[in-house]
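To keep things clear, I will list the structure first and then write my remarks on it.
The values are calculated or read from the model by the stated rules, or taken from the named source; none is laboratory data. The model shown is predicted, which means the values in this text are computed figures rather than measured ones. FYI the Cβ positions are ideal-geometry reconstructions off the backbone, even for glycines, and counts take in every protein chain you see. Keep in mind that these areas ignore ligands, DNA and RNA; they rest on the heavy atoms of the full protein, side chains included. Shrake-Rupley method; radii C 1.70, N 1.55, O 1.52, S 1.80 Å.
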Amino acid sequence: MGSDVDVLVVGAGPAGLLLAGDLAETGVRCTVVERREGESQLTRAFAVHARTMEQLDTRGLADDLLMTGPRNPILQFLRIDLSHLPTRYPHVLVTPQYNTERLFLARALEHGVNIMRAHEVTGVQQDPTGVDVTVKTPAGTEQSLRADYVVGADGRNSCVRQSLGLPSST
């Protein structure tokens, strides 16, 4: 049985979108399945540190993200001066997580990633040749997808984690 995609990423948060964009950029056929209908307005993270900026810079994303928030070279609550770090980014960038997600989404789409919003993964079954993923569609029907690999980036109550018998993260 052939696969619909090489890699199916479950979860369209920063980790899932960044990974999908990285994979697609190298020619890997990738689909992201996300239970949310639209983009998140939550801010689980508000600061981007120097090493993360350096990693984003290697992907050509840092300059765009820098435009989304102020740069703070001194962490006031700890009084740590970051301005002397040997990096292009000697500061903490203050920007809501949704700005980072928007940037990662645009890159993933640019590289041909298929994003399936309002689809919820309800089951994962692996066999020696790949993985079958059951997805609940926006209409409430079930759909089956086949992938060579599945990546669980679907958060603390992960269906992927549960299917592997792993505990929910805390």
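Below is a table of values for the structure above.
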quantity	calculated
Candidates T134, T95, filtered to the one that is under 25 Å from A24 (Cβ atoms), in contact with a Ser or Thr (Cβ under 8 Å, 6 or more places away or on another chain), among the β-branched types (V, I, T) and modelled with pLDDT under 95	T95
Hits in segment 10-41 (condition: among the polar types (S, T, N, Q) and surrounded by 14 or more Cβ atoms within 10 Å (Cβ to Cβ))	T31, S40
Residue count, segment 137-163 (criterion: open to solvent by 50 Å² or more (accessible area, probe 1.4 Å) and out of contact with any Ser or Thr (no Cβ under 7 Å at 6 or more places or on another chain))	6
Per-region count, segment 1-37, residues under 22 Å from Q143 (Cβ atoms) and over 14 Å from the mean Cα position of the chain (by Cα)	9
Test: residue in segment 75-97 that is closer than 18 Å to A153 by Cβ and touching a helix residue (DSSP H, G or I) at 6+ places or on another chain (Cβ under 8 Å)	yes
Tally, over segment 42-63, of residues that are open to solvent by 80 Å² or more (accessible area, probe 1.4 Å) and touching a helix residue (DSSP H, G or I) at 6+ places or on another chain (Cβ under 6 Å)	1
